[in-house]
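Student: Have a look at the structure that comes next, please.
Just so it is clear, none of the values below were taken in a lab; they were calculated from the coordinates. All figures in this text were calculated on a predicted structure; none of them were measured in a lab.
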Amino acid sequence: MKLFDFFNENSIKLSELNNILVNQGPGKFSGIRTSIAVAKALAITNKLNLYGFNSNDLKDMNYENVVNLCEKGALTKNLINPVYSS
């Protein structure tokens, strides 16, 4: 799985993580559902906090804005509401 390849290539251990953030859309149904399912599984099995954000929270594809929103408590924890594009 590409996610675990990314973790290995960057020497990231799941035990070192506290939070996981997932883009909840808008996007295509299968991509959004798959991303949310993987994020939820990782959160449950590794006791991570799960936060959802929308594509609109990204500014110029800069994920630092999403991290800042999380740190400020502006993202909803453990309540993921997918948004599908038409």
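Student: Can you work out the Karplus-derived ³J(HN,Hα) for every residue in the stretch 60-69? Use 6.51 cos²θ - 1.76 cosθ + 1.60 with θ = phi - 60°, whole Hz, and x for glycine or proline.
Tutor: Karplus values, whole Hz, x for Gly and Pro: 6, 6, 9, 6, 4, 4, 5, 4, 4, 4.
Student: Can you list residues from other chains, or at least 5 along the same chain, whose modelled amide H is less than 5 Å from the amide H of residue 50?
Tutor: Correct list: 20, 78.
Student: Using helices alone, what [θ] at 222 nm do you get for the chain, with -39,500 (n - 2.57) per DSSP H run of 4 or more residues, divided over all residues and rounded to the nearest 500?
Tutor: -12000 deg cm²/dmol
Student: Cα centroids of the stretch 1-50 and the stretch 61-77: how far apart, whole angstrom?
Tutor: Cα centres, the stretch 1-50 to the stretch 61-77: 16 Å.
Student: Can I ask one more? Work out how much length residue 16 to residue 74 would gain on full extension: take 0.36 nm times their residue separation and subtract the Cα-Cα distance, in nm to one decimal.
Tutor: 18.6 nm
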